[in-house]
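Got a structure here, written out as structure tokens. Questions coming.
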Amino acid sequence: MKTAVIVAAGLSSRLYPLTKTTPKCLLQVGKEKILRRNLRLLKQHGIEEIIIVTGYLKHLIEDEVKNEALTVYNPFYKHCNNMGSLYCTKNYLNNEPFLYLHGDVVFSETLLQTFLENIDANHFMDLAVDFKETDEEAMKVELNKHNCLIRSSKEILSHDSKGEWIGLAAIHQPKVLFDEVEQVLVEEHLTVYDTYAFTRLAQKGRVIKCHSIHEEPWMEIDFVEDYEKARELFQ
């Protein structure tokens, strides 16, 4: 797998005032900005081409990455969720498999390395999952006995949840995924998360395998409290 897509278009209003003048992915964690850290880790593990979907304060991200990555602007970032941003990369991938990650996720190098070692092109998709108790904000996963996805949603009840998808995935059949995402958008489900499409595909029989992160550190940064925890974890 040689290509990665990072979606980083959102307003991040829940992090105000930190993100009032700075996109979330450019916040500092440890000695690096989140985006800079993820670019470094991806390239260290053989990811040669990186596509970043921008929206809010796009010029700051463009200035940060310059020629290190391709930036694709989502002009509808105020009106759609991350699924819409993902769809913006459709014509840049040539139906080649790609790594997919949210721009507000920070994770250890070991987590990324282990995930890449375990993905399987025979699956439709692979997801990195933290098998743990979950709260209402978590993107929870419900799995079958083979750890394959049944559905993923924040609305899953805790007793049905096996853990939380951390915002890192390997997509092995892009055309099928983008066809499904397009259909979701045609149906005017404009504000749903990417996992809405993943769930529909799982229900159609596509094998979406969920892999444990083996308690490696990671953090999705939605709130100021998350940002403070990430700074502690990745000093």
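Give the residue, chosen from 152, 212, 158, that is over 18 Å from the mean Cα position of the chain (by Cα) and more than 24 Å from residue 92 (Cα to Cα). So that I can check it myself, show each step before the final result.
Working: 152 fails: over 18 Å from the mean Cα position of the chain (by Cα); 212 fails: over 18 Å from the mean Cα position of the chain (by Cα).
When all the criteria are applied, what remains is 158.
Checking residue 95 against (1) within 20 Å of residue 8 (Cβ to Cβ); (2) surrounded by fewer than 22 Cβ atoms within 10 Å (Cβ to Cβ), which test does it fail?
In the conditions (1) within 20 Å of residue 8 (Cβ to Cβ); (2) surrounded by fewer than 22 Cβ atoms within 10 Å (Cβ to Cβ), residue 95 misses (1) alone.
Shifting gears a bit: Go through (1) open to solvent by 70 Å² or more (accessible area, probe 1.4 Å); (2) of a type in the set (A, V, I, L, M, F, W, C); (3) at positive phi and name the single condition residue 76 misses.
The one condition residue 76 does not meet is (3).
How many of the residues making up the range 69-110 are among the small types (Gly, Ala, Ser) and under 17 Å from residue 44 (Cα atoms)? First the steps, then the outcome.
To start, the set of residues in the range 69-110 that are among the small types (Gly, Ala, Ser) comprises 69, 84-85, 103, 108.
In the following step, the residues that additionally are under 17 Å from residue 44 (Cα atoms) were identified as 69, 108.
So the count comes out to 2.
On to the next question. Take residues that are under 17 Å from the mean Cα position of the chain (by Cα), farther than 15 Å from residue 220 by Cβ and of a type in the set (Val, Ile, Thr) and tell me which of the strands (runs of 3 or more DSSP E) falling wholly in the range 1-112 contain 2 or more. Break it down stepwise before answering.
Details: elements: 3-8, 49-54, 70-73, 98-102, 105-107.
It comes to 3-8, 49-54, 70-73.
Residue under question is residue 218, and the condition is that it be aromatic (Phe, Trp, Tyr), under 20 Å from residue 81 (Cβ atoms) and at pLDDT 95 or above; does it hold?
Values: aromatic (Phe, Trp, Tyr): yes; under 20 Å from residue 81 (Cβ atoms): no; at pLDDT 95 or above: yes.
Answer is no for this residue.
Please tell me if residue 104 is in contact with a helix residue (DSSP H, G or I) (Cβ under 9 Å, 6 or more places away or on another chain), under 23 Å from residue 29 (Cβ atoms) and at pLDDT below 95. Walk me through how you get there before you give the answer.
Details: in contact with a helix residue (DSSP H, G or I) (Cβ under 9 Å, 6 or more places away or on another chain): yes; under 23 Å from residue 29 (Cβ atoms): yes; at pLDDT below 95: no.
No; evaluated as a whole, the condition is false for this residue.
The values are calculated or read from the model by the stated rules, or taken from the named source; none is laboratory data. Given the structure is predicted, the values throughout are model-derived calculations rather than measurements. With ideal geometry, Cβ positions are generated from the backbone for all residues, glycine too; neighbour counts draw on all protein chains shown. These area figures cover heavy atoms from the full protein model, side chains too; ligands, DNA and RNA do not enter into them. Shrake-Rupley method; radii C 1.70, N 1.55, O 1.52, S 1.80 Å.
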